[in-house]
Amino acid sequence: MKVDRVDPTPEHFRRLHPLTPLLRGWGFLALAIGIGGQDALRSGEMGRFGLTALAFAVVGMIAGLLSWWFTRYGFDGDALRIDSGMLNRRSRRVRLDRLQAVDINRPLAGRLLGVSELRLEVAGGGKAEAPLQYLAVDDAVRLRAELLARAAGIDADTPEAPERVVHEVPLDRLVWSTVLSGAFVAGVVFIVGLGVALLFFRDSEVTVGLLSSMLPGIIAIGAALWGQLGRNFAFVLAESPDGYRIRKGLLDTQHQTVPPGRVQGVAMRQPLLWRGKSWVRLDVDVAGYSGESSDDSQRTSTLLPVATYEEAAEVLRHVLPGSDPLSVPLTHAPRPARWLRPFGWKRLAYGVDDHVVVVREGVLYRNLTTVPHAKTQSVRIVQGPLQRRLGLASVHVDTTPGPVDAVIAHRLPAEARAIAEEQAERARLARKTDVPEQWMARYRQQSVPRPDGHADGDGPPAASSERDQE
Amino acid sequence: MDQDQLFAPPGEAWQQVSHKLVDLRRLVLLITVTLVAAVAGVVLGLIFGLAGVLPVVGAALIALVWGLWLIPRNWRAWGYAERLDDLLVTHGVMYRRLTVVPYGRMQFVDVASGPLERRYGLATVQLHTASPATDAKIPGLPAAEAARLRDRLSALGEAQAAGL
């Protein structure tokens with residue numbers, strides 16, 4: 001309670017939605033049924049099971065209520081502050097200038113009850129900084145608008161910016177893209193194969209064995225259906241001054257907002273079976289979006305689940321303003337690379353322009369990775385023993401964790417060294433002109449002369465001018 | 001360009017890490033090999049008798065000789081250079097690496113020194129960026145040099161800091 005006395009929660013701070021304890025109490029109830037059920041089975045008394053379950057439910061409800069009562073959030077200066085905990089008070093401040101993305105998620109139960117979860121992604125934290133579970137739908141939307149306005153460096157009461165729909169994924173295309181995915185096809189082939197085998201073996205034991213080994217195939221199909229179709233159902237990509245917005249989901253819905261200049265890299269990918277339709281998908285790296293599991297990262301880093309090449313090219317130009325990654329001239333990998341990539345070496349290529357570095361690779365699963373120079377975290381040259389014998393080296397352009405990795409593989413040593421040095425220099429120059437963290441502030445500041453040519457003018461313009469005044 | 005120049009220093013020469021790192025690594029190697037060999041020797045000796053112990057001794061000797069030969073080579077491969085805008089770190093014998101980290105991309109600097117390292121007056125400095133792949137670790141720095149590097153890096157990092 002010490003924090004309370006020193007730094008009490010301001011009066012105007014708000015609580016989460018009153019239904020929160022109910023929605024978050026699921027875990028407790030499941031535990032009660034698990035433990036109580038075991039106990040009941042062992043003793044054979046169903047009455048005791050009911051009592052245990054009830055006791056757990058009551059305890060869970062009380063704990064949930066207390067936690068709800070002591071959790072409050074609000075704006076404290078330029079940061080979002082969340083106070084929680086009854087005995088161990090915790091006060092967390094989320095700096096909004098580092099805001100990378102704001103998501104509003106609505107799980108199925110939440111949709112039925114009219115509440116949603118608001119997630120903030122802030123650079124630095126490994127996982128989502130502070131999921132506010134749960135808020136009334138209107139509150140969540142209002143809070144998101146305020147968060148984005150404050151992070152943009154404009155008045156907090158600015159209403160939500162208007163948006164323009166860039167792309168909607170038609171349902172039939174989404175269904176077909178699922179059917180043509182590797183996992184789905186493999187699952188179907190597997191099941192059909194086992195089905196054919198069933199026709200030949202009439203033995204009952206073999207039949208049971210065959211039927212049960214169909215399970216992995218069914219799981220693969222289910223996962224493909226869920227991952228592509230269920231999650232990306234009714235996918236809408238829109239753009240607004242706040243960056244791009246994504247809405248999607250069949251049962252659980254997700255609304256993502258990624259402000260301008262937060263895209264750390266984009267990959268255009270094409271599975272083998274999509275080639276006939278010339279469909280591609282786009283994945284992005286956004287700092288903080290990677291999550292702990294690859295499932296999490298898959299869920300949040302889809303920019304377009306399926307689109308034609310032309311549509312994807314259009315979107316690519318939107319999220320990486322000032323450059324056209326698809327028309328960057330590419331340099332092929334040298335001949336010795338064929339020993340290390342017997343099939344892919346002819347497609348292996350990279351290119352740079354003023355804004356981005358582009359890497360193309362993959363024969364069956366085609367891949368075009370784009371990383372803006374300004375988002376380069378570090379540059380590495382790596383040379384393994386085989387590469388040394390062949391006179392090759394790879395250059396890695398490191399970005400924040402996520403599905404997009406730019407590796408300029410297998411170049412000649414002189415070239416590799418030059419790429420690395422030049423990339424470091426390009427990144428240095430690009431950082432100076434990158435979108436500032438407070439992305440709307442640049443419009444306000446345009447009348448103020450910028451401290452260009454300053455020795456350490458690398459920071460965002462807003463920060464440098466502050467420093468000059470000191 | 002010749003193969004060696006791929007990892008050539010940007011200026012005159014790489015700044016090398018302390019030679020005490022070789023002594024430290026040798027000591028660690030000796031302790032590890034002795035411990036592992038002792039455990040394996042006792043277990044195999046109890047099962048197979050003397051015939052079980054001899055291969056263990058042989059393997060331990062080979063590991064020891066190989067390690068003692070490898071450690072100085074590995075030490076020689078370490079190098080770093082502070083340039084105006086970035087830090088260069090190189091290391092590795094089998095897999096050779098060169099990392100360029102712009103100061104402006106630095107999130108934080110770690111200085112670590114374990115009990116053995118402290119006995120030799122050494123410390124490890126590691127630079128972290130927003131990418132976990134960044135491989136900018138410099139082991140075996142004398143404590144004073146580590147402190148100097150840390151201060152310089154954090155000062156430069158702050159001066160050149162850029163948003164993500």
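Before moving on, here are some points about what is shown:
- Filtered residue count, region A:131-143, keeping only those that are open to solvent by less than 20 Å² (accessible area, probe 1.4 Å) and touching a residue at least 60 places away in the same chain (Cβ under 8 Å): 2
- Residues of region B:147-164 satisfying the condition of being surrounded by 20 or more Cβ atoms within 10 Å (Cβ to Cβ) and more than 7 Å from chain A (Cβ to nearest Cβ): B:L149, B:L153, B:L156, B:G157
Per-residue answers, yes or no, for (1) among the aliphatic types (A, V, I, L, M); (2) within 17 Å of the chain's Cα centre (by Cα); (3) modelled with pLDDT under 90; (4) under 30 Å from B:G163 (Cα atoms):
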| residue | (1), (2), (3), (4) |
| --- | --- |
| B:A13 | yes, no, yes, no |
| B:R25 | no, yes, no, no |
| B:A37 | yes, no, no, no |
| B:T99 | no, yes, no, yes |
| B:F108 | no, no, yes, yes |
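- Applying the condition of being more than 9 Å from chain A (Cβ to nearest Cβ) and touching a Lys or Arg at 6+ places or on another chain (Cβ under 8 Å) to region B:104-137 and asking which residue is farthest from B:A159 (Cα to Cα) yields B:Y120.
- The one condition from (1) open to solvent by 40 Å² or more (accessible area, probe 1.4 Å); (2) within 9 Å of chain B (Cβ to nearest Cβ); (3) out of contact with any helix residue (DSSP H, G or I) (no Cβ under 7 Å at 6 or more places or on another chain) that A:T433 does not meet is (2).
- Filter pass, A:L390 being open to solvent by 50 Å² or more (accessible area, probe 1.4 Å), on the phi < 0 side of the Ramachandran plot and touching a residue at least 40 places away in the same chain (Cβ under 8 Å): yes
- Residue check for A:R42: surrounded by 15 or more Cβ atoms within 10 Å (Cβ to Cβ) and not assigned by TED's automatic domain parsing to the domain that holds A:T400: no
- Among residues that are open to solvent by less than 30 Å² (accessible area, probe 1.4 Å) and either more than 30 Å from A:A427 (Cβ to Cβ) or without any contact (Cβ under 8 Å) to a residue 12 or more places away in the chain (or both), B:A38 is not included.
- First in region B:65-86 and touching a residue at least 60 places away in the same chain (Cβ under 8 Å) and farther than 25 Å from B:L156 by Cβ, second anywhere and assigned to a helix (DSSP H, G or I) and open to solvent by 70 Å² or more (accessible area, probe 1.4 Å), Cβ under 9 Å, 6 or more apart: B:W75/B:R25
- For A:R247, the stated conditions hold: it is without any contact (Cβ under 8 Å) to a residue 24 or more places away in the chain and within 23 Å of A:A145 (Cβ to Cβ).
Matching residues to (1) open to solvent by 20 Å² or more (accessible area, probe 1.4 Å); (2) modelled with pLDDT of 90 or more:
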| position | (1), (2) |
| --- | --- |
| A:G288 | no, no |
| A:T300 | no, no |
| A:P321 | yes, no |
| A:L348 | no, yes |
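- Filter pass, A:V280 being in the same structural domain as A:P401 (by TED's automatic domain parsing), modelled with pLDDT of 90 or more and closer than 22 Å to A:V185 by Cα: yes
- Subset tally (residues that are part of a loop (DSSP other than H, G, I, E, B) and either acidic (D, E) or facing chain B (nearest Cβ under 7 Å) (or both)) for region A:372-386: 2
- Near pairs, Cβ below 7 angstrom, 6+ apart or cross-chain, from region A:257-268 (more than 16 Å from A:D242 (Cα to Cα)) to any residue that is outside any strand (DSSP E or B) and among the β-branched types (V, I, T): A:Q264/A:T399; A:Q264/A:T400; A:G265/A:T399; A:G265/A:V404; A:V266/A:V319; A:V266/A:V404; A:A267/A:V404
- Residue among A:A307, A:A234 that is among the small types (G, A, S) and either open to solvent by less than 10 Å² (accessible area, probe 1.4 Å) or part of a strand (DSSP E or B) (or both): A:A307
- Entirely in region A:69-118, the strands (runs of 3 or more DSSP E) that have 1 or more residues that are within 14 Å of chain B (Cβ to nearest Cβ) and open to solvent by 40 Å² or more (accessible area, probe 1.4 Å): A:90-95
- Search result, residues across region A:150-184 that are free of Cβ contacts under 8 Å to residues at least 60 places away in the same chain and surrounded by 17 or more Cβ atoms within 10 Å (Cβ to Cβ): A:T178, A:A183, A:F184
- Among residues of region A:387-411, those that are farther than 26 Å from A:L282 by Cα and either within 7 Å of chain B (Cβ to nearest Cβ) or out of contact with any helix residue (DSSP H, G or I) (no Cβ under 8 Å at 6 or more places or on another chain) (or both), counted: 5
- Note on region A:253-278: among residues that are part of a strand (DSSP E or B), open to solvent by less than 10 Å² (accessible area, probe 1.4 Å) and within 14 Å of chain B (Cβ to nearest Cβ), the one that is nearest to A:A140 (Cα to Cα) is A:V258.
- For region B:1-15, the set of residues classified as more than 14 Å from chain A (Cβ to nearest Cβ) and loosely packed, with under 15 Cβ neighbours inside 10 Å consists of B:E12, B:A13, listed by residue number.
- Selection status of A:R269, among the basic types (K, R), at pLDDT below 90 and assigned by TED's automatic domain parsing to the domain that holds A:P401: no
- Test: residue in region A:18-29 that is at pLDDT below 85, assigned to a helix (DSSP H, G or I) and exposed (fewer than 14 other Cβ atoms within 10 Å of the Cβ): yes
The values are calculated or read from the model by the stated rules, or taken from the named source; none is laboratory data. A quick note: this is a predicted structure, and the numbers were derived from the prediction, not measured. Positions of Cβ are generated from backbone atoms using ideal geometry, with glycine treated the same way; all protein chains shown enter the neighbour counts. What goes into the accessible areas is simple: the full protein's heavy atoms, side chains included, and nothing from ligands, DNA or RNA. Shrake-Rupley method; radii C 1.70, N 1.55, O 1.52, S 1.80 Å.
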